[in-house]
Amino acid sequence: MSKKGIDWVSTLKKFVDSKQQRTAQEIDDETDQQFLDYIEQARKKEQEEDPSYKKIPKFFQKASVTNENQLSFRVRQEARTRFLNHKTGEILDKEDLEKLWTELKNNISPPDDKKERINYNSFLTIASLLPIKCRHFFSASTFLKFDRDEYGRIDIVAFFHSIVRKVNLFQTRIQISLYDSIGNGYLREKDLENYIFELIPTFPQLEKLDQNFYPFYVITAVRKFFFFLDSKRTGRIYIKDMLTSPILAELYELRQEKLTLEELGQNWFSKQSALKVYERYLKLDNDHNGLLSKSELSKYSWGLTDIFIDRVFEEYQTFEGEMDYKTFLDFVLAMENKKSQQAIQYFWRILNVYHKPAIDSFVINMFFRPIIQKLEHKDKFGFNVEDVKDEIFDMAKPAISTAITLTDLQNCGQGDIIISMLIDAKAFYEYDQRESGQLLEVEDYEEF
């Protein structure tokens, strides 16, 4: 009897064909059910080992120390990556969106009044004509979210644009989640740096960025995210906060082919803005040691007082008494966004010399007297500390008449002006002379 080799390709093909084919949704449902069954089995096992769990559910799970070299960590990371890649397949692509738009156009509901609108019946008809992955956009609750005319119709343009926004948001969420190395729904500084570094070549507005500048560009970009989205300095940013933040939208503006010089100048993430901030840092660094001393930072603006500069170095991270580029970026972001809650919180740490719940008139005097002295050097006299102190209290509208809290500064609507009056002589003078329109001419004040 002659021996013949087994045709494994044909055999496996017959085996696969003999099995009932299932949709991706059915496979997902089965996976979810198996996972829930596993959780239930684990719960019952815990109750058997310790009966107290039947009365008091377990409410604390000690976080395990993450070791990126452990096999379990790598397996979980690989599972997450495969899951996210699988979810990517559910995103509508260009062809799906074009088909969706065509069906919307082909199913305009009566009457024929030249308006591109559909009623609920057409809505359901369109859903039946589209691939399965499109159908979750066609629920009754979705239809009811849109304004309807007297015929019960919704505008197809508004509906289509909402789908495109959701698709873009979902795509961005998956893309960012791929950089969540731990898998807890947030990015650490290193994760965000990797994400932005790999975005650079994909943005038309950054295609001419010198590769040698990439590391400094990444630091510049990452600092804005952490300044505004991690005000408590936890070292992490939740992905959901990134997605709802205008900062991410500002970054993604660089995907556009054409932006005006004015638009680029106003965008923190543009090549022009990043180079401007970095060149300013280099220009302040007179001794070229890569760090800024107090005297070097004071040249950022003529009006900044010595006590303010001293407090910046006391409250924020320095290296042997000098400021590095990251700390400088936080300083610039605070100075350029004084109206923001995060900037007010940044300056509050500086003003709150004694680390108490509020600052009083003594602290205000402490900061304002150097302002007067600086102006007197420019022959500007006639400012009374008591008058200014009373004006500051009137502007802050404090809950306690003798002290100003962080909440008072954030809620009064004039926190940025109060801060400027206490740290910057030039800003105070121009505020004081706002009705006369006089500006302070300072010869040694250089605009970078």
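The values are calculated or read from the model by the stated rules, or taken from the named source; none is laboratory data. This one's a predicted model, so the numbers in the text were calculated from it and none came from an experiment. Using ideal geometry, Cβ is built from the backbone for each residue, glycine included, and neighbour counts are taken over all protein chains shown. Surface accessibility is based on the protein's heavy atoms, side chains included, excluding ligands, DNA and RNA. Shrake-Rupley method; radii C 1.70, N 1.55, O 1.52, S 1.80 Å.
Going by the conditions given, is ARG76 at pLDDT below 95, buried (at least 16 other Cβ atoms within 10 Å of the Cβ) and under 29 Å from the mean Cα position of the chain (by Cα)?
Spelling it out, it is not the case that ARG76 is at pLDDT below 95, buried (at least 16 other Cβ atoms within 10 Å of the Cβ) and under 29 Å from the mean Cα position of the chain (by Cα).
Can you pull out the residues in region 261-299 that are over 27 Å from the mean Cα position of the chain (by Cα) and within 20 Å of ASP424 (Cα to Cα)?
LEU284, LEU292, SER293, LYS294, SER295, GLU296, LEU297, SER298, LYS299, listed by residue number.
In region 89-124, which residues are open to solvent by 60 Å² or more (accessible area, probe 1.4 Å), part of a helix (DSSP H, G or I) and out of contact with any strand residue (DSSP E or B) (no Cβ under 9 Å at 6 or more places or on another chain)?
LYS94, GLU95, GLU98, LYS99, TRP101, THR102, LYS105, ASN106, ASN121, LEU124
Going through ILE182, ILE196 one at a time, which residue ends up being buried (at least 17 other Cβ atoms within 10 Å of the Cβ) and among the hydrophobic types (A, V, I, L, M, F, W, C)?
Exactly one residue qualifies, and that residue is ILE196.
Name every residue in region 384-427 that is among the aliphatic types (A, V, I, L, M), assigned to a helix (DSSP H, G or I), without any contact (Cβ under 8 Å) to a residue 60 or more places away in the chain and open to solvent by 30 Å² or more (accessible area, probe 1.4 Å), in order of residue number.
Within region 384-427, just ILE417 meets the criteria.
Restricting to region 125-152, and then to whatever is more than 15 Å from LYS99 (Cα to Cα) and over 37 Å from the mean Cα position of the chain (by Cα), can you tell me which residue is most open to solvent (accessible area, probe 1.4 Å)?
GLU150
Please go through region 266-290 and pick out each residue that is over 11 Å from PHE216 (Cβ atoms) and open to solvent by 50 Å² or more (accessible area, probe 1.4 Å).
Matches in region 266-290: GLN266, LYS271, GLN272, LYS276, LYS283, ASN286, ASP287, HIS288, ASN289.
So which of GLU257, GLU320, GLU314, GLU296 ends up being closer than 28 Å to LEU209 by Cβ, open to solvent by 60 Å² or more (accessible area, probe 1.4 Å), without any contact (Cβ under 8 Å) to a residue 60 or more places away in the chain and not small (Gly, Ala, Ser)?
From the options GLU257, GLU320, GLU314, GLU296, the qualifying one is GLU257.
Looking at region 199-277, what helices (runs of 4 or more DSSP H) fall wholly within it and have at least 2 residues that are of a type in the set (Asp, Glu)?
Fully inside region 199-277 and qualifying: 261-266.
Restricting to region 431-442, give me the number of residues that are over 16 Å from ASN384 (Cα atoms) and surrounded by 14 or more Cβ atoms within 10 Å (Cβ to Cβ).
2
Which one of the conditions (1) without any contact (Cβ under 8 Å) to a residue 40 or more places away in the chain; (2) open to solvent by less than 70 Å² (accessible area, probe 1.4 Å); (3) hydrophobic (A, V, I, L, M, F, W, C); (4) assigned to a loop (DSSP other than H, G, I, E, B) does PHE381 fail to meet, given that it meets all the rest?
(2)
Among (1) among the aliphatic types (A, V, I, L, M); (2) out of contact with any Leu (no Cβ under 9 Å at 6 or more places or on another chain); (3) open to solvent by 20 Å² or more (accessible area, probe 1.4 Å), there is one condition ILE219 misses while meeting the rest; what is its number?
That leaves (2) as the condition not met.
Going by the conditions given, is TYR325 within 19 Å of ASP230 (Cβ to Cβ), more than 20 Å from the chain's Cα centre (by Cα) and in contact (Cβ under 8 Å) with a residue 60 or more places away in the chain?
Yes.
Being touching a helix residue (DSSP H, G or I) at 6+ places or on another chain (Cβ under 6 Å) and among the β-branched types (Val, Ile, Thr): is that true of ILE417 here?
Criteria not met by ILE417.
Residues of region 301-311 being outside any loop (DSSP other than H, G, I, E, B) and either touching a residue at least 60 places away in the same chain (Cβ under 8 Å) or open to solvent by 20 Å² or more (accessible area, probe 1.4 Å) (or both), which ones?
Within region 301-311, LEU304, ASP306, ILE307, PHE308, ASP310 qualify.
Could you count how many residues in region 131-178 are aromatic (Phe, Trp, Tyr), touching a strand residue (DSSP E or B) at 6+ places or on another chain (Cβ under 9 Å) and assigned to a loop (DSSP other than H, G, I, E, B)?
Looking only at that region, the number is 2.
Contact list please: Cβ distance under 9 Å, first residue in region 34-58 and of a type in the set (S, T, N, Q), second residue open to solvent by 80 Å² or more (accessible area, probe 1.4 Å), pairs at least six apart or on different chains.
Final answer for the pair search is GLN47/LYS54.
List, please: which pairs have Cβ atoms under 7 Å, are six or more places apart or on different chains, and start with a residue in region 221-241 that is at positive phi and end with one that is open to solvent by less than 80 Å² (accessible area, probe 1.4 Å) and assigned to a helix (DSSP H, G or I)?
Here the result reads GLY235/GLU189, each pair linking region 221-241 to a residue that is open to solvent by less than 80 Å² (accessible area, probe 1.4 Å) and assigned to a helix (DSSP H, G or I).
Residues of region 18-43 being farther than 23 Å from PHE83 by Cα, modelled with pLDDT under 85 and open to solvent by 100 Å² or more (accessible area, probe 1.4 Å), which ones?
LYS19, GLN20, ARG43
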